[in-house]
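These notes are about the structure you will find just below.
The values are calculated or read from the model by the stated rules, or taken from the named source; none is laboratory data. Predicted, not measured: the structure shown is a model, and the values here were computed from it. Note: ideal-geometry Cβ built from the backbone for every residue, glycine included; neighbour counts use all protein chains shown. Accessible surface is based on the protein model in full, side chains and every heavy atom, while ligands, DNA and RNA are left aside. Shrake-Rupley method; radii C 1.70, N 1.55, O 1.52, S 1.80 Å.
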Amino acid sequence: MVGRKITIIASPLLKEWKLKRLIGRDGVIINKIQNQKTKGVWVRLNTPFADELEWFIPVQSVQIISH
């Protein structure tokens with residue numbers, strides 16, 4: 001999963017976290033988190049959001065677009 005290109009898609013959790021503005025952004029998975037309450041991945045965005053390139057994204061908000 002690490003290294004795959006993704007697009008961030010809508011999910012209830014992303015909306016709950018008030019991160020709806022990330023929807024539609026592209027990036028690359030840089031780390032997968034398995035042992036947390038919320039399963040997700042760290043993504044390096046192609047363009048910064050809120051002056052940050054790396055964001056934790058819940059797995060249900062990740063759409064893989066290439067291997």
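Annotations
- Of all residues in the range 55-67, those that are more than 13 Å from G24 (Cβ to Cβ) and exposed (fewer than 13 other Cβ atoms within 10 Å of the Cβ) total 3.
- T47 vs. criteria loosely packed, with under 13 Cβ neighbours inside 10 Å, of a type in the set (V, I, T) and out of contact with any strand residue (DSSP E or B) (no Cβ under 7 Å at 6 or more places or on another chain): yes
- Output for the range 30-67, where each listed residue is in a loop (DSSP other than H, G, I, E, B) and at pLDDT below 95: Q34, N35, Q36, K37, T38, K39, H67
- Test: G24 is within 11 Å of the chain's Cα centre (by Cα) and surrounded by fewer than 17 Cβ atoms within 10 Å (Cβ to Cβ): yes
- Residues being over 15 Å from R4 (Cα atoms) and either aromatic (F, W, Y) or open to solvent by 60 Å² or more (accessible area, probe 1.4 Å) (or both) - total across the range 27-44: 5
- Of all residue pairs spaced 6 or more apart or on separate chains, those with beta-carbon atoms under 8 Å, a first member in the range 1-20 that is without any contact (Cβ under 8 Å) to a residue 60 or more places away in the chain and outside any loop (DSSP other than H, G, I, E, B) and a second member that is among the β-branched types (V, I, T) and open to solvent by 90 Å² or more (accessible area, probe 1.4 Å) are I6/I65; T7/I65.
- Condition check for I23: touching a Ser or Thr at 6+ places or on another chain (Cβ under 9 Å) and in contact (Cβ under 8 Å) with a residue 60 or more places away in the chain: no
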